[in-house]
Amino acid sequence: MPFWGEYGQTQRICERVAAVLAQRGHVASIVPIQQAPDPDAFDATLIGASIRHGKHDPSVLEYILRHRPALEARPGAFFSVSLIARKPTRNTPETNPYVKAFLARSPWQPRLVGVFGGELDYQRYGIFNRYVIRLIMKINRGPTDLGTKVEFTDWAEVGRFAGRYADLLDSRPA
């Protein structure tokens, strides 16, 4: 499962998905997108990416462009993590503007797409990012107190997504 995320929530989501897959008899490797091997080495691919300053890291799309044939040849899924996904009106692939924009740019169209809220922890951010994120949260009517630490990830939804991904893997021809 390649992932990109600077503060760790994307990796934690990957770990939860991997745990569900393990319960269903699947083995998952979790690696940062910059170190991800060719998808040909695996039976399936799940890419997780977080939003930073309004977009996914360019290395995610670069990976997809570089490995498009291999990605399209096997079951694939994608999930996005963002603070805006904390809102019920922005937590689905159809309603999340970042996911819609990403899928519009991506030549690879995964069979399964998920959207999850991230974690807001102002104290973990450098001074510049702290105030940029605070401004974004103010615009989006989110928490702006610099002491805020809150997790917006719906772990039950992560589990359901992981189950749907396992179903996708289980439905492959033997």
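Once phi is turned into ³J(HN,Hα) by the Karplus curve 6.51 cos²θ - 1.76 cosθ + 1.60 with θ = phi - 60°, what whole-Hz value does each residue of the stretch 127-137 show in order, with x for glycine and proline?
Those phi angles translate into 4, 4, 4, 4, 7, 5, 5, 4, 4, 4, 5 Hz.
Counting Lys and Arg as +1 and Asp and Glu as -1, each charge on the Cβ, what is the dipole of the stretch 1-97 about the Cα centre in debye, to the nearest 20?
420 debye
Amide H of Ser80 versus every other amide H placed in the peptide plane: which residues, excluding those fewer than 5 positions away on the same chain, fall under 5 Å?
Distant-sequence amide H within range of Ser80: Ala49, Gly114, Val115, Phe116.
Excluding same-chain residues fewer than 8 positions from Lys87, which aspartates and glutamates have a Cα within less than 15 Å of its Cα?
By straight Cα distance, Lys87 reaches Glu119, Glu151, Asp154, Glu157.
Helix 155-170: angle to the longest alpha-carbon principal axis of the chain, degrees 0 to 90, nearest 10?
20 degrees
Could you give the semi-axes, largest first, of the ellipsoid that matches the stretch 97-174, computed as the square roots of 5 times the alpha carbon gyration tensor eigenvalues and rounded to whole Å?
Square roots of five times the eigenvalues give 33, 16, 10 Å.
Please state, rounded to one decimal and in Å, the Kirkwood hydrodynamic radius that the chain gives when every pair of distinct Cα atoms enters the mean of 1/r.
It is 16.5 Å.
Once the other residues with Cβ under 13 Å from the Cβ of Ser29 are scored (Lys, Arg +1; Asp, Glu -1), what is the net sum?
So the surrounding residues net to -3.
For the stretch 55-117, take N as its residue count and report Rg(C-alpha) divided by 2.2 N^0.38 Å.
1.11
Readers should treat all values here as calculations from the given coordinates under stated rules, not as data from a laboratory. Here the structure is a predicted model, which is why all the values come from computation and not from measurement. Positions of Cβ are backbone-derived with ideal geometry, glycine not excepted, and every protein chain shown enters the neighbour counts.
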